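Below is one structure, written out as structure tokens; comments come after it.
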């Protein structure tokens with residue numbers, strides 16, 4: 001006969017009340033003897049009625065194949081030494097760590113970026129730590145309430161939290177599509193609230209101050225490369241990762257090769273002569289301007305981000321960061337009247353909708369239309385005021 005009990009999680013406030021307390025949402029386990037087999041197993045359920053139904057099914061059928069299908073962890077029989085080795089086996093359901101490794105293998109086969117795979121690894125490490133602290137071994141033991149508890153410990157906010165939520169949903173969908181979990185609890189997990197921050201490009205005065213601060217940078221050996229990096233970021237619109245790993249052969253005849261479009265056409269960005277001169281001033285020791293090619297891309301990006309942060313503080317612009325140079329590049333083109341479709345091509349966006357999402361407010365045509373609407377409103381308001389004044393004059397004349 002099997003008996004049910006709650007195996008309280010580490011964070012459960014009712015843990016001190018023992019296994020007989022049933023009014024929480026901790027995982028339900030079954031314990032006892034069934035057909036001479038010693039059973040102590042998680043049912044993968046938190047609903048007491050559903051757990052009772054599973055146990056009744058086991059006790060009614062009592063067949064080994066039914067147990068092998070329903071029991072998730074190991075089913076052992078230490079009380080009966082005569083049991084065969086087949087009674088001491090694991091089912092085909094992989095553990096959480098095994099599913100994580102399968103996902104990483106599939107991500108590499110899909111040729112996802114190393115930075116993306118790295119973020120998934122961080123998420124999986126936290127998920128496995130959460131599961132271990134709560135005595136969970138299989139992904140089916142984590143329900144919607146468990147995911148909410150897992151997310152409550154995230155330090156991330158705004159878009160960082162949303163990206164992490166998206167990664168979690170992708171992982172659970174992968175496990176569900178693979179048939180390792182019967183339902184996908186992540187599909188019911190609501191996304192975190194996000195707030196769009198307005199794109200704030202650097203002013204010309206701020207850019208000038210930052211370039212001037214390069215002369216006062218304490219590390220004189222890197223001051224030349226730092227100045228060249230600032231100019232490259234400002235006049236190319238490259239992301240920090242693409243800029244610091246830029247090979248020398250990507251710049252020819254004063255033009256920077258960006259990428260090859262789907263149509264097979266090469267996309268170039270012309271650079272001012274003082275930008276190419278600053279890049280040529282860097283000693284040609286390595287294949288790249290700012291990278292030896294030996295360290296990981298994440299490491300070199302982090303090194304240059306710290307150097308830039310130190311430069312921004314020295315220049316008195318502590319709120320600046322590398323991506324604001326990309327925003328400055330985009331906004332100045334839009335304000336100069338360049339169509340947003342062409343700006344999207346230079347930025348390398350997959351769709352113009354991405355460009356519109358971030359920079360539509362800076363489009364010159366849209367700004368001019370907004371100004372025209374305001375002036376028209378002034379005119380209509382002025383005409384209405386003049387009409388009211390004339391009516392008042394007529395009434396005054398009659399009286």
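The values are calculated or read from the model by the stated rules, or taken from the named source; none is laboratory data. Please read all numbers here as calculations on a predicted model, not as lab measurements. Every residue, glycine as well, gets a Cβ built from its backbone with ideal geometry; the counts of neighbours run over all protein chains shown.
Can you tell me how many residues in segment 202-225 are buried (at least 20 other Cβ atoms within 10 Å of the Cβ) and within 32 Å of the chain's Cα centre (by Cα)?
Final tally of qualifying residues: 4.
Take residue 132 and tell me if it is farther than 29 Å from residue 15 by Cα and outside any loop (DSSP other than H, G, I, E, B).
No; evaluated as a whole, the condition is false for this residue.
Scan the helices (runs of 4 or more DSSP H) fully inside segment 150-240 and keep the ones with 2 or more residues being in the same structural domain as residue 273 (by TED's automatic domain parsing).
204-213, 220-236
For the list (1) over 22 Å from residue 310 (Cβ atoms); (2) part of a loop (DSSP other than H, G, I, E, B), I need the number of the one condition that residue 282 fails.
(1)
Checking the structure you have, find out if any residue of segment 170-188 is under 30 Å from residue 320 (Cα atoms) and touching a residue at least 40 places away in the same chain (Cβ under 8 Å).
no
Determine, yes or no, whether residue 267 is in the same structural domain as residue 350 (by TED's automatic domain parsing), modelled with pLDDT of 90 or more, under 16 Å from residue 327 (Cβ atoms) and surrounded by 12 or more Cβ atoms within 10 Å (Cβ to Cβ).
no
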